[in-house]
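The structure appears below as structure tokens.
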Amino acid sequence: MLRITFTKRELDALMENIHFTPMQKRIIQYKLDEESRVKMAEIENVSISTIDREIKKISIKIKTAYENNMIVL
């Protein structure tokens, strides 16, 4: 599961250099607010599986950006 342990500067760099969908940006904010996956699904009016898929996509985008030296953490 995605654990957001970035500093404010690192998180700003991620948001600036990686294209996240609006839903993915909201999920990142929910994670920062320590919302549960169930609560996120209720707020977004989607299934928990959809939230899980979006979290996976966020993780892949961050990992890819890091591996391609687009961001330095």
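The values are calculated or read from the model by the stated rules, or taken from the named source; none is laboratory data. For clarity, every value in this text was computed on a predicted model and none was experimentally measured. All Cβ positions, even for glycine, are placed from backbone atoms using ideal geometry, and neighbour counts span all protein chains on display. For accessibility, only protein heavy atoms count, side chains too; no ligands or nucleic acids. Shrake-Rupley method; radii C 1.70, N 1.55, O 1.52, S 1.80 Å.
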In the stretch 32-73, residues that are aliphatic (A, V, I, L, M) and over 11 Å from the mean Cα position of the chain (by Cα) total 11
Discussion item. Would you confirm whether or not the stretch 29-37 contains a residue that is in contact with a helix residue (DSSP H, G or I) (Cβ under 7 Å, 6 or more places away or on another chain) and among the basic types (Lys, Arg)?
Written reply: yes
Flagged in the stretch 51-72 as open to solvent by 80 Å² or more (accessible area, probe 1.4 Å) and assigned to a loop (DSSP other than H, G, I, E, B), in numbering order, are Asn68, Asn69, Met70, Val72
Within the stretch 1-50, residues in a helix (DSSP H, G or I) and farther than 25 Å from Met70 by Cβ come out as Arg37, Val38, Lys39, Met40, Ala41, Glu42, Ile43, Glu44, Ile48, Ser49, Thr50
Considering residues that are of a type in the set (A, V, I, L, M, F, W, C) and either open to solvent by 50 Å² or more (accessible area, probe 1.4 Å) or at pLDDT 95 or above (or both), the number found within the stretch 9-33 is 5
Per the list (1) at negative phi; (2) loosely packed, with under 13 Cβ neighbours inside 10 Å, residue check on Ala41 breaks on (2)
